[in-house]
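These notes concern the structure reproduced below.
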Amino acid sequence: MLILALFLAGIVRILMIGQSEKLVAQSQQNQLTVPVSQVRGNLFDCNGLPLTGTESKTVYVAAPTTATVEYLSKVLSGKERTDVLTQLQKGRPAVLSGNGPYICAGIYAITVPVHTPKEAIGHHIIGYTDQSGHGVSGLEKALDERLYSDKVAGVTFEKDGTGRVLGAYDGVVEEYREITSSGVVTTLDRNFQLICERAMESVPAGAVVVSEVGTGKIRAMVSRPDYDNSHLQDALNRKDSPLINRCLSSYNVGSSFKLCVAAASLERHKAVGLVTECIGHASIDGHTFYCHKRSGHGTVGMREAIAQSCNTYFYRLGLSVGASDIYDMATVFGFGRSKVLTEGLATTGESLPTPAALQSSDSALANLSIGQGSLLASPMSMLCLYEAIAGDGVYHLPTLVEGEMKNGLMGEKQPAGEATRAISSETAKRLREDLAYAVKTGTGVKAQPQTVSAAGKTATAQTGWLGENGQAVEHSWFCGFFPAESPRYTVCVLVEDTTTVGIGGAEIFSRIADGINGLENLS
């Protein structure tokens with residue numbers, strides 16, 4: 001009897017569940033929801049400040065009552081008045097296009113975030129969504145599974161079989177704030193991002209990346225030219241390719257790579273005390289390789305060669321250290337490999353010459369020694385090299401995700417990216433001092449901030465192609481960190497085609513360092 005009773009109870013329970021589901025489905029069929037806005041989780045900066053959904057809008061929905069018809073017939077005009085009243089008189093609710101406020105029983109106000117506002121920042125790294133509410137580019141695409149919601153904010157009414165609103169016209173407003181107050185916390189710092197965007201305003205094309213020494217967490221990413229999220233078709237048709245995120249793209253890097261060669265020399269104890277006479281050129285493999293200073297730098301050692309960016313010295317140093325050791329050091333720093341910032345978002349086009357190519361040609365090795373030839377690297381890869389120097393020989397893989405946001409509360413922060421000991425503390429200290437010297441007295445003097453000490457290296461990278469004006473296209477780089485004595489942030493600046501702009505990477509670096517120091521008082 002007990003078994004029979006339990007069996008009958010189970011059957012009753014199943015029937016009740018089925019009936020409940022049927023009633024829910026029937027209830028939903030008898031409901032009319034007036035959609036106002038697609039709801040989506042937001043992106044936040046490392047301090048919990050919103051990066052998306054920073055603006056809001058209020059939309060008004062009118063129920064079809066006698067009171068709303070009389071009220072709106074007085075306050076509306078023109079085509080909107082005709083359209084709204086026609087809808088209401090059919091027994092169906094209507095969305096009002098005006099900004100209000102509308103004060104009348106039966107008119108509901110729904111306030112929802114504007115996910116991508118007009119004054120949005122970080123267009124390239126944050127990205128944008130499509131009409132279905134899914135992410136299309138940047139972090140919006142990479143984190144779409146964590147941000148997307150099929151919920152739609154609006155007002156729900158009871159309706160009859162013809163679609164007319166029933167009863168007392170009591171609508172239920174649903175804004176889903178538990179979704180819009182949740183999302184993903186990024187490593188970006190909103191204030192750092194604004195500083196970098198202002199610093200890059202006069203640059204037609206280029207990139208800036210800022211990371212934190214000791215964690216590799218990306219605090220700012222700016223790509224130029226910018227684009228308007230509300231006019232994407234215009235961006236697609238532009239010749240300057242504004243939709244490309246140049247922070248993740250690879251370029252000729254020029255002399256900024258020389259620090260990798262210097263590190264290989266110091267780590268392998270090869271040609272450490274090399275002193276050479278720069279007469280403006282060197283003969284290698286029967287070819288003439290020039291220094292950027294055609295009259296020569298005279299007698300130079302490593303520190304002077306870094307400060308003055310002497311090509312002739314680094315030709316000799318590279319050949320003395322050898323292809324194998326330079327290649328090995330480059331791979332330790334991560335050159336030639338894509339950098340994954342978060343799943344679905346990584347650098348592209350990274351390229352490093354093969355050991356066989358370098359060993360078979362002194363010319364190829366000489367070119368690599370000054371960052372030319374087939375070497376291509378993204379600003380992210382350059383950050384790893386300079387963070388290792390700033391970080392006592394250790395760099396971290398760059399990361400962009402800090403953690404989760406739930407109902408306005410930040411969860412536990414994720415750990416820093418994987419750490420790699422690239423060079424010894426002694427080598428890092430020596431190179432920090434050399435880079436500080438380069439900013440004080442060498443080619444990097446324009447990078448010296450007014451409020452904080454800094455260290456770094458300039459580069460003018462030859463691309464091998466000509467611009468519209470027929471001149472050789474060269475890119476300006478500056479990679480460095482600040483403060484020089486106890487580095488907190490690494491910065492990599494790229495300015496494309498310096499023949500078209502009157503400012504270089506060093507000046508941009510200086511502006512950024514002063515701006516960040518103004519926030520944190522690092523000096």
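The values are calculated or read from the model by the stated rules, or taken from the named source; none is laboratory data. This is a predicted model, so every value here is computed, not measured. Cβ atoms come from the backbone with ideal geometry, glycine included; neighbour counts cover every protein chain shown. All accessible areas refer to the heavy atoms of the entire protein, side chains included, with ligands and DNA or RNA removed. Shrake-Rupley method; radii C 1.70, N 1.55, O 1.52, S 1.80 Å.
Exposed loop sites are taken as GluC sites (Glu not before Pro) in a DSSP loop (any state but H, G, I, E or B) with at most 13 other beta carbon atoms within 10 Å; the longest stretch of the chain without one runs 202-342.
As a fraction of the 1.4 Å probe accessible area of the chain, surface on carbon and sulfur atoms comes out at 51 percent.
Could you tell me which residue out of A330, S283, H269 lies farthest along the dipole of the stretch 237-358 toward its positive end? Charges go on the beta carbon: Lys and Arg +1, Asp and Glu -1, centred on the Cα centre. About the Cα centre, the residue reaching furthest to the positive side is S283.
Starting from one equal scatterer on each C-alpha and no solvent at all, send me the Debye-based log10 I(q)/I(0) for the chain at q = 0.09, 0.11, 0.13 Å⁻¹, two decimals. Log-scaled intensity ratios, in q order: -0.72, -0.92, -1.18.
Mind grabbing the base-10 log of I(q)/I(0) for the stretch 279-368 at q = 0.15, 0.21 Å⁻¹? Debye formula, identical points on the C-alpha positions, no solvent, two decimal places. Each listed q corresponds, in turn, to -0.67, -1.02. Evaluated at q = 0.16, 0.20, 0.21 Å⁻¹, a Debye calculation over the C-alpha positions of the stretch 391-523 (equal weights, vacuum) places log10 I(q)/I(0) at -0.92, -1.14, -1.18. Counting charges near Y437 (Lys, Arg +1; Asp, Glu -1) among other residues having Cβ under 12 Å from its Cβ returns a value of +2. Here is the link list: K57/K141; K293/K457; K57/K217; K118/K239; K118/K413; K339/K446. Which ones come out longer than 28 Å on Cα distance? Beyond 28 Å between Cα atoms: K57/K217; K118/K413; K339/K446.
Cβ neighbours within 10 Å, averaged per peptide: list 294-303, 35-44, 328-337 in order, most packed at the top. Please list the in-between numbers first.
Numbers: 294-303: 15.6, 35-44: 22.4, 328-337: 20.2.
Highest mean packing first, the order is 35-44, 328-337, 294-303.
The loop-placed trypsin sites (Lys or Arg not before Pro) in the stretch 211-276, going by DSSP, that have at most 10 neighbouring Cβ atoms within 10 Å of their Cβ come out as K239.
Annotation: extensible slack from T288 through T499 equals 73.4 nm (criterion: 0.36 nm per residue apart, minus Cα-Cα distance). Placing dummy labels 7 Å off each Cα toward the beta-carbon, the span from L409 to V69 is 4.9 nm. Rolling a 1.4 Å probe over the heavy atoms of the protein chains gives the stretch 212-287 an accessible area of 41 Å² per residue. Surface exposure of the stretch 401-523, expressed per residue as accessible area with a 1.4 Å probe, stands at 46 Å².
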